[in-house]
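The values are calculated or read from the model by the stated rules, or taken from the named source; none is laboratory data. As the structure is a prediction and not an experimental result, all values here were calculated from the model. Ideal geometry is used to build each Cβ from the backbone, glycine not excepted, and the neighbour counts take in all protein chains shown.
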Amino acid sequence: GDSVTQTEGQVALSEEDFLTIHCNYSASGYPALFWYVQYPGEGPQFLFRASRDKEKGSSRGFEATYDKGTTSFHLRKASVQESDSAVYYCAFYDTNAYKVIFGKGTHLHVLP
Amino acid sequence: GALVYQYPRRTICKSGTSMRMECQAVGFQATSVAWYRQSPQKTFELIALSTVNSAIKYEQNFTQEKFPISHPNLSFSSMTVLNAYLEDRGLYLCGARKELNTGQLYFGEGSKLTVL
């Protein structure tokens, strides 16, 4: 069935390191793809989206490019900060069922 | 901006009792509300999708008998966890959207349920 797979577990980096969190999807057609971020004690927040091949989404220094060939939407940031520590979720929108399917989340720890 | 408030933020209840949680959209009309449960491991389970003036659609493993939902207007939804047991523990999140045909959800901070 339709699903999203992302880098599992925790990622620990130092400030100013480069970040990549992998995300691959399995779905038919052209699902819209999303990244959400959840800070401690808060609900998830929409980060950005992309809905067609080669489209790049970006926000707050984070970016990801929709790649239909590799069915990927990897999250990248050139230089992370301690304040980026949070759980990041890749998601896609199932247009047939009107529901948003989330990955399992990747916990980013940025050390000062 | 679009804001979603959830109440209560946390509840502790005894096994077999029930808990009602509310979701209020402020600054926009929530044509559709998705209720999720987030486990301590941070994974999401979709419970149901509620659209005003349409039937509420529950996911497999979740039923109306256990998780009745009300969505009477474009700014408010509520869900009750009936006869809560340990496996019902988690953070219940309400994700509201302005239009049905979009995956952009506005989430509240969640209602955390602890069952003793």
Checklist entry - If you go through region B:5-48, how many residues are more than 20 Å from B:Glu109 (Cβ to Cβ) and either in contact with an Asp or Glu (Cβ under 7 Å, 6 or more places away or on another chain) or assigned to a strand (DSSP E or B) (or both)? => result 1
Item to check | Qualifying positions in region B:64-116 - over 20 Å from A:Gly43 (Cα atoms) and of a type in the set (Ser, Thr, Tyr) | outcome: B:Ser70, B:Tyr85
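What residue, among those in region A:67-88 that are within 14 Å of chain B (Cβ to nearest Cβ) and out of contact with any Ser or Thr (no Cβ under 8 Å at 6 or more places or on another chain), is farthest from B:Leu49 (Cα to Cα)? Spell out how you get there, then give the answer.
Here is the first cut: in region A:67-88, the ones within 14 Å of chain B (Cβ to nearest Cβ) are A:73, A:85-88.
Those left that are additionally out of contact with any Ser or Thr (no Cβ under 8 Å at 6 or more places or on another chain): A:85-86.
Numbers: A:Ser85: 30, A:Ala86: 26 Å.
By that ranking, first place goes to A:Ser85.
Looking only at region A:81-101, which residues are modelled with pLDDT of 95 or more and surrounded by fewer than 22 Cβ atoms within 10 Å (Cβ to Cβ)? If you could, list the steps in order and put the result at the bottom.
Going residue by residue through region A:81-101, those that are modelled with pLDDT of 95 or more are A:81-91.
Within region A:81-101, A:Gln81, A:Glu82, A:Ser83, A:Asp84, A:Ser85, A:Ala86, A:Val87 meet the criteria.
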Next on the checklist: Consider region A:13-31. How many of its residues are more than 28 Å from B:Thr102 (Cβ to Cβ) and either free of Cβ contacts under 8 Å to residues at least 12 places away in the same chain or surrounded by 12 or more Cβ atoms within 10 Å (Cβ to Cβ) (or both)?
Outcome noted: 3
Checklist entry - Going by the structure shown, is B:Glu109 within 9 Å of another protein chain (Cβ to nearest Cβ) and in contact (Cβ under 8 Å) with a residue 40 or more places away in the chain? => result yes
Item to check | Candidates B:Phe28, B:Phe62, B:Phe44, filtered to the one that is out of contact with any His (no Cβ under 9 Å at 6 or more places or on another chain), away from chain A (no Cβ under 12 Å) and without any contact (Cβ under 8 Å) to a residue 60 or more places away in the chain | outcome: B:Phe62
Item to check | Among residues of region B:87-97, those that are surrounded by fewer than 19 Cβ atoms within 10 Å (Cβ to Cβ) and touching a strand residue (DSSP E or B) at 6+ places or on another chain (Cβ under 6 Å), counted | outcome: 1
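Quick check on A:Lys54: is it in contact with a strand residue (DSSP E or B) (Cβ under 8 Å, 6 or more places away or on another chain), free of Cβ contacts under 8 Å to residues at least 60 places away in the same chain, away from chain B (no Cβ under 14 Å) and surrounded by fewer than 21 Cβ atoms within 10 Å (Cβ to Cβ)? Talk me through it step by step, then tell me what you get.
Details: in contact with a strand residue (DSSP E or B) (Cβ under 8 Å, 6 or more places away or on another chain): yes; free of Cβ contacts under 8 Å to residues at least 60 places away in the same chain: yes; away from chain B (no Cβ under 14 Å): yes; surrounded by fewer than 21 Cβ atoms within 10 Å (Cβ to Cβ): yes.
Taking the combined requirement at face value, the residue satisfies it.
Of everything in region A:64-79, what is more than 16 Å from A:Asp2 (Cα to Cα), surrounded by 14 or more Cβ atoms within 10 Å (Cβ to Cβ) and touching a Phe, Trp or Tyr at 6+ places or on another chain (Cβ under 8 Å)? Give them in sequence order. I'd like the intermediate steps shown before the answer.
Step one: list which residues in region A:64-79 are more than 16 Å from A:Asp2 (Cα to Cα), which gives A:64-67, A:69, A:74-79.
Filter again for surrounded by 14 or more Cβ atoms within 10 Å (Cβ to Cβ), leaving A:64-67, A:74-77.
Passing the criteria: A:Ala64, A:Thr65, A:Tyr66, A:Asp67, A:Leu75, A:Arg76, A:Lys77.
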Checklist entry - Taking into account only those residues within region B:76-86 that are surrounded by fewer than 17 Cβ atoms within 10 Å (Cβ to Cβ) and not hydrophobic (A, V, I, L, M, F, W, C), which is nearest to B:Ser15 (Cα to Cα)? => result B:Tyr85
Item to check | All positions within region B:60-81 that are at pLDDT below 95 and outside any strand (DSSP E or B) | outcome: B:Gln60, B:Asn61, B:Leu74, B:Ser75
